[in-house]
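What follows is a single structure, written as structure tokens, with notes after it.
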Amino acid sequence: MNEPRTVASVGPELLSAVLAGDPEALDRWYRAEHPVVYRLCFGLLAQPAEAEDAAQDAMLRLHDQLRRYDRARAYTPWRNTVVLNLCRDRLRRTATRRAAEGTEDGPALPARLPRPDEVAEARELADMLRAALAALTPREREAFVFRDLSGNSTAETAEALGVTEATVRSLTTLARRRLRNLLGPRLPELAGTGGDA
């Protein structure tokens, strides 16, 4: 698979202006970062409403921790690590709450994914993606989201997850295979079959 496009990073000038309290710079930073942070949260949590809440929390946390950010380190992996840790905390709290309520399994996955002719609107497609992402193990989902959905390099993904590059390659391969198995029968173009109905 080809290397994904490089994700545009927030420049040091913008960060300096945000830290100096420039409201226009804060607005530019927020507008640049929120869509990226939301996509990460959606991919990691696989729930749109939960992802929106997490993205808002992540933006606040990033802003609060910006003064402690080590400028010798690349910004993108730092941001990704902050978002990943926040999402992991949310997942742990959700699992603890479900265990206390006696619902450890969480929401059941659908018995089957919708056929392409049933996917008439974007919401249905989003539901299919959410269900497929939810079927991945947490580590597979993290690697897939950071590497494939967010376009980070293998090295950036490894740094964010705190694992080796070989582990990232292994996890993304497993995630892609599982997603292909889940989505392939319903979306032939993902399985590379050319669309036989």
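Every number here is computed from the coordinates shown, using simple stated rules; none is lab data. Predicted model only: the values in this text are computed from it and were never measured. Cβ coordinates were reconstructed from backbone atoms using ideal geometry, including for glycine residues, and neighbour counts include every protein chain displayed.
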Figure the gain on full extension for Gln56 and Ala74 (residue separation times 0.36 nm, minus the Cα-Cα span) and round it to one decimal in nm.
4.3 nm
Net charge of Cβ neighbours under 12 Å - reference Leu60; Lys, Arg +1; Asp, Glu -1:
-3
I need the phi-derived Karplus couplings for the stretch 10-21: 6.51 cos²θ - 1.76 cosθ + 1.60, θ = phi - 60°, integer Hz, Gly and Pro marked x.
6, x, x, 5, 5, 4, 4, 5, 4, 5, 7, x
Ala20/Ala99 FRET efficiency (R0 41 Å; Cβ-Cβ; nearest 0.05)
0.35
Charge sum, other residues only, whose C-beta stays under 14 Å from Thr137's C-beta, Lys/Arg counted +1 and Asp/Glu -1
+4
Cβ-based net charge around Leu19, under 13 Å, with every Lys or Arg adding one and every Asp or Glu removing one:
0
